[in-house]
Structure formats: C-alpha cells, structure tokens
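Taking it in order: structure first as structure tokens, then the write-up.
The values are calculated or read from the model by the stated rules, or taken from the named source; none is laboratory data. Computed from a prediction, not measured in an experiment: that's the story for all the values here. Methodologically, a virtual Cβ is constructed for each residue, glycine included, from the backbone with ideal geometry; neighbour enumeration extends over all protein chains shown. For the accessible areas, the whole protein counts, side chains as well, though only heavy atoms, and no ligand, DNA or RNA atoms are used. Shrake-Rupley method; radii C 1.70, N 1.55, O 1.52, S 1.80 Å.
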Amino acid sequence: MQLSFELTSHPLLLKNYYRIRESCFRKDLGLVEFNGGEDIFDRNGLTLVIKDGHHCVGGLRLTGNKEHGPGFLPVEQDGFSLKASCHELLAGDVNYCQWSRLVIAPEYRNKVDLVMLVDKMIGIAGSLGYSYAFFVSGKTQARFYKRYHNKVGYSYDVLDDIQLPVEPGFEGLPHVIAVSRVDQPMAYENVSSGQVA
C-alpha cells in the first residue's frame, strides 16, 4: 500500500472525496442531513486528496482570502471576519487561508501518516503565498493538530478569545479556531550554542 497526497481537480477523485466526506460527517459527527457534495468553497478552492494508489481515501480543501476562494473563508459567516477579529495578526496586506473538511475513510485512519499530511498542508499553503492558515475543529482535534504542527516545526495556536459563528447544521458541536504561521517555521533554541536558529 502506497499512500500519497495530491492536489487535484480530477472529477472522479473529487466525487469520491465528496462521497467520503458526506459519509464521515453523517456517521462521525451525527449530522444525518449533511450534504457532502461540491459547494462554493470547493469550486473556488483547492482540494488535497489522500490516495491509495489511484483511489481517493480522504482529503480536505484549502480556501484562500484572495486566490483559491470566493473572497471569504468558510468560517466567515454571518458578518464574522477574520481580518477584523485578528486585526493585529492580519494587519496590512497579509494573505491567509483556511483548511477545512478533513476526512479519512474509516479503514485508513490508522494508516495515514498525519505528520506527513500536516507537513504537506503547510508546504502547500506556504508555497501559494499564504502567511497564515486557519483551522476550525473540536478541542480534541485541535490538540492533535498542535502536536503534528510542532513535530514539523511550525506554530499552531488556539484562539480561545474568538467567538465563532456556528455553521448551519453544526449547532451543538464544540468549535475552536486555531492559526498556524505557514510561511516560516518556529525558531528553536540551539541547546549547544545557546543561540536561536
């Protein structure tokens, strides 16, 4: 088995990703009416699929504030603006994006190297000119994301003071928003020299 990660616009891979997305959100989150089909963020964004050979076994999407999106991110609903809520972080002409709708088929969840996936996500976002990537998840998932980001040397900070709008149909699910600096790794102290790299 050779798993890989690939940005794609291939119709069959996207169809399979949407099918897996719908099934996982319905079963795992109890969102029995969730429609996993293509939406505006899929059409205007980028999709990273997880493949076993030529078959899609999961994926997620990237939406950007300028390119690769409709001009706003999935979290920006009901008048909520990341630029306004994170005005110090996003001051000036900063490009930022959001990764969302991560799903992995149940039979592959113990086979996907999540550290490699996070490394790929950071690499893609950084190479596209984004400085920050935002994530909306539950608190448990946020802890895992932080661990994987730290393993590849990038920051991941939960923004506890930001109140998020709730996506229709997702009421009752716990949500936190976090941000990662994807255009530069964290500085680590060099223990032998006492210098910061």
message: Under 7 Å between Cβ atoms, which residue pairs at least 6 apart in sequence (or on different chains) link something in the range 65-88 that is among the small types (Gly, Ala, Ser) with a partner that is part of a loop (DSSP other than H, G, I, E, B) and surrounded by 13 or more Cβ atoms within 10 Å (Cβ to Cβ)?
response: 69/45; 85/162
message: On the basis of being part of a loop (DSSP other than H, G, I, E, B) and among the aromatic types (Phe, Trp, Tyr), does residue 154 make the cut?
response: yes
- prompt: Taking residue 22, is it open to solvent by 30 Å² or more (accessible area, probe 1.4 Å), in contact (Cβ under 8 Å) with a residue 60 or more places away in the chain and either charged (D, E, K, R) or part of a loop (DSSP other than H, G, I, E, B) (or both)?
  reply: no
task: Would you please name the residue that is most open to solvent (accessible area, probe 1.4 Å), looking only at residues in the range 46-58 that are under 13 Å from residue 12 (Cβ atoms) and assigned to a strand (DSSP E or B)?
output: 55
task: Within the range 25-42, work out how many residues are under 22 Å from residue 125 (Cα atoms) and touching a residue at least 12 places away in the same chain (Cβ under 8 Å).
output: 4
field: Condition check for residue 127: among the hydroxyl-bearing types (Ser, Thr, Tyr), exposed (fewer than 14 other Cβ atoms within 10 Å of the Cβ), out of contact with any Gly (no Cβ under 8 Å at 6 or more places or on another chain) and more than 20 Å from residue 34 (Cβ to Cβ)
entry: yes
task: For residue 151, state whether it is over 29 Å from residue 93 (Cβ atoms), open to solvent by 40 Å² or more (accessible area, probe 1.4 Å) and touching a Pro at 6+ places or on another chain (Cβ under 8 Å).
output: no
field: Filter result for residue 94 (touching a Ser or Thr at 6+ places or on another chain (Cβ under 6 Å), in contact (Cβ under 8 Å) with a residue 40 or more places away in the chain and either of a type outside the set (A, V, I, L, M, F, W, C) or under 21 Å from residue 124 (Cβ atoms) (or both))
entry: no
query: Can you find a residue in the range 59-76 that is open to solvent by 10 Å² or more (accessible area, probe 1.4 Å) and over 18 Å from the mean Cα position of the chain (by Cα)?
result: no
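Please verify whether residue 122 is closer than 22 Å to residue 19 by Cβ, in contact (Cβ under 8 Å) with a residue 60 or more places away in the chain and hydrophobic (A, V, I, L, M, F, W, C), treating the condition exactly as stated.
In short, no.
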query: If you take the residues in the range 25-45 that are in a loop (DSSP other than H, G, I, E, B) and either open to solvent by 90 Å² or more (accessible area, probe 1.4 Å) or of a type in the set (Gly, Ala, Ser) (or both), which one is nearest to residue 112 (Cα to Cα)?
result: 36
